[in-house]
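What follows is a single structure, written as structure tokens, with notes after it.
Just so it is clear, none of the values below were taken in a lab; they were calculated from the coordinates. Given the structure is predicted, the values throughout are model-derived calculations rather than measurements. Cβ coordinates were reconstructed from backbone atoms using ideal geometry, including for glycine residues, and neighbour counts include every protein chain displayed.
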Amino acid sequence: MKTGASLILMAVLLAVSEAAASNINPLVAPTAPWASHLREMDEALAQRNVEAAEGAWHDAYTAALASRLWQGMVEVGDASLRIGAVRGFRKASEATARQSYLAALSRARLLGSLEGVLRTAQALAALRDRDVVEQCLRIAEHLAREMRTAQAKNRVRALKAQFAAMKWEGR
């Protein structure tokens, strides 16, 4: 029995590590509480119904906020940018996205999620928020040291090199 439980635990850990390597969180996925609202938002955007899209986004934001997971806050931040692109209010949507990304960073840090911190850093880099990206990298380095794996340290190092090569002025 002890061996059976060990095998099940190993299988779960393997599935989680494979999902993490492919940037899929097996605990979140398409069944996340905010996912259906974001699909509804994207459908409304495809029909150019910005009002319905904003309503669905708000529902997604509320669900992501209630979940206490970093993934939802990143996804609603990304969704805010999609609305802004259609609506023509890029600066306003970037400000909203930034707030969501900062919430994601805070959650990822509290959860000790290197993946969350790195994903948030990428989102903030797209907004050219160099100061917060540097903060993300400091947090990521700390988490990678705590994890004590070469893979974690290498991921941080690679992202750091990518950001060092970026041109940070304007969009």
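Shape class of the range 30-164 from the Cα gyration tensor (axes a ≥ b ≥ c, square roots of the eigenvalues): prolate, since a/c reaches 1.5 or more and a/b is larger than b/c.
Length available on full extension from Asn154 to Glu51: 0.36 nm per residue minus the Cα-Cα distance, which gives 32.7 nm. Each residue of the range 148-153 is assigned a 3J(HN,Hα), and the resulting list reads 6, 10, 5, 4, 5, 5 Hz, derived from the Karplus form 6.51 cos²θ - 1.76 cosθ + 1.60 (θ = phi - 60°), x at Gly and Pro. In this rough spin-label picture, where each label sits 7 Å from Cα along the Cβ direction, the Phe89-Arg128 distance is 2.2 nm. The 3J(HN,Hα) values that the Karplus relation (6.51, -1.76, 1.60; θ = phi - 60°) gives for the range 63-77 are, in residue order, 5, 5, 4, 5, 6, 6, 9, 6, 4, x, 5, 5, 5, 6, x Hz. Gly and Pro appear as x.
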